[in-house]
Amino acid sequence: MNQWWQWSPQQDTESLGFAVVGIGRFGSAVCRELMSNGADVLAVDSSEKAIEELRQLEPSIEARVVDCTDEESMREAGILEMGTVVVGISEPIEASITTTFLAKDSKGSRVRQVIARATSDLHEKMLKRVGADRVVFPSRMQGERLGLELVRPNLMERLELDDQTCIDEIKVPDEFIGRSLRDLNLRKNYLVNVLAAGPTKRLTVNPPASYILERNHVLVVMGLVDDLKKLPET
């Protein structure tokens, strides 16, 4: 399967820490997974609102408002001191390209690898041209993905964390509609964790147990691939 994001603590024993630039759904998922594995994470975004929302959800995370198209701002924020920089910016494209370039090319940068998100083949080519060590396509549908969607029609998005664990965004199954997360107890009954729920464009991250699932809602769940397969279909 195409791996969008993969990391384990053993892969980088001398890690200088991780900076995640761009705190959208993709960036937030990366932050949460890194933190759950005990990594040092610096989350940055040009939007004060995005940073405040992240701080409310993850009070212990180090998060800052930074213009990552400005070298001195990146330096002052500590981004250039990190071993790995994940550029999760999707738009504008020039911002992701500039951030990638500065992370790798700035004088004195200690960044060893940049993993950047691309939105097209041309974007990928440009990111690699300016120094990206790896380019990921969180939204790209490839042959394996299409096959997976055919057998799991309610699967909307998949973020692979390693060869056993994934974060899936699924349409709420019919039998879950009108029920609370407490009632469903997905962690106990299916061994998966709920990261977010709600309408596609207004997801509630880390929803309370009292949250009621409705028709046309989506669930963002994390777990082992085999356990995720056991969730009911729409």
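May I ask you to sort Leu57, Leu228 by Cβ crowding, counting other Cβ atoms within 10 Å and putting the fewest first?
Listed from fewest to most nearby Cβ atoms, that is Leu57, Leu228.
What is the distance in Å between the Cα centres of region 44-109 and region 166-180?
So the two Cα centres are separated by 33 Å.
Give me the distance in nm between label points sitting 7 Å out from Cα along the Cα-to-Cβ direction at Ala209 and Asn185, one decimal.
Reported label-point gap for Ala209 and Asn185 is 0.9 nm.
Please enumerate, by chain and number, the lysines with C-alpha under 23 Å from the C-alpha of Lys230, excluding those fewer than 8 residues away in the same chain.
Lys171, Lys188
Once you have a ≥ b ≥ c as the square roots of the Cα gyration tensor eigenvalues for region 168-234, tell me rounded if a/c is under 1.5, and otherwise prolate or oblate according to whether a/b is larger than b/c.
In terms of gyration-tensor shape, rounded.
Mind listing the phi-derived Karplus ³J(HN,Hα) values for region 221-229, rounded to whole Hz, using 6.51, -1.76 and 1.60 with θ = phi - 60°, and x for any glycine or proline?
The phi angles translate into 10, 10, x, 5, 3, 5, 6, 4, 5 Hz.
In a GNM of the chain with a 10 Å cut-off on Cα contacts, which of Glu48, Glu71, Glu175 has the highest mean-square fluctuation?
Evaluated over the chain, the most mobile residue of the options is Glu175.
Counting only DSSP beta bridges with both residues in the chain, what percent are antiparallel, rounded to the nearest 5?
Working: 20 of 39 bridges.
Among the beta bridges of the chain, antiparallel pairing accounts for roughly 50 percent.
Which lysines, on any chain, are close to Lys107 with Cα under 20 Å apart, when same-chain ones fewer than 8 places away are left out?
Hits, sequence-local ones excluded: Lys128.
5 Å is the cut-off here: which amide hydrogens, built 1.01 Å from N in the peptide plane, fall below it relative to Met156, excluding neighbours closer than 5 in sequence?
Amide H neighbours of Met156, under 5 Å, 5+ apart: Glu169, Ile170, Lys171.
For n ≥ 4 DSSP H runs only, could you compute -39500 (n - 2.57) per run for the chain, divide by its residues and tell me the 222 nm figure to the nearest 500? Walk me through the numbers on the way to the answer.
Details: 9 runs with 73 residues, N = 234.
Result for the chain, helices only: -8500 deg cm²/dmol.
Taking the beta-carbon count within 10 Å as an exposure proxy, list Ile212, Ile61 from fewest neighbours to most.
Ile212, Ile61
Build a GNM of the chain with springs between Cα atoms under 10 Å: which of Ser109, Ser46, Ser210 gets the top mean-square fluctuation?
The residue that fluctuates most here is Ser210.
So how long is each side of the chain along the principal axes, counting just the alpha-carbon atoms, biggest first, in Å?
56, 38, 33
According to the Kirkwood expression over distinct Cα-Cα pairs, how big is the hydrodynamic radius of region 15-136, in Å?
It is 13.9 Å.
Would you work out if region 28-88 is rounded, prolate or oblate? Take a ≥ b ≥ c from the square roots of the eigenvalues of the alpha-carbon gyration tensor; rounded if a/c is under 1.5, else prolate when a/b is larger than b/c, oblate otherwise.
In terms of gyration-tensor shape, oblate.
Considering only Val130, Val220, Val30, give the residue with the highest GNM mean-square fluctuation for the chain, with springs between Cα atoms whenever their separation is below 10 Å.
Taking springs between Cα atoms under 10 Å, the residue moving most is Val130.
Want the number for Asp226 to Lys125: 0.36 nm per residue separation, take away the alpha-carbon distance, what's left?
32.9 nm
Given a Förster distance of 35 Å, report the FRET efficiency between Asn193 and Lys107 from their Cβ-Cβ distance, rounded to the nearest 0.05.
After rounding, the FRET efficiency stands at 0.25.
Since every read-out is calculated from the coordinates, none of them should be taken as a lab result. Note that this is a predicted model, so its numbers are computed, not measured. Cβ atoms come from the backbone with ideal geometry, glycine included; neighbour counts cover every protein chain shown.
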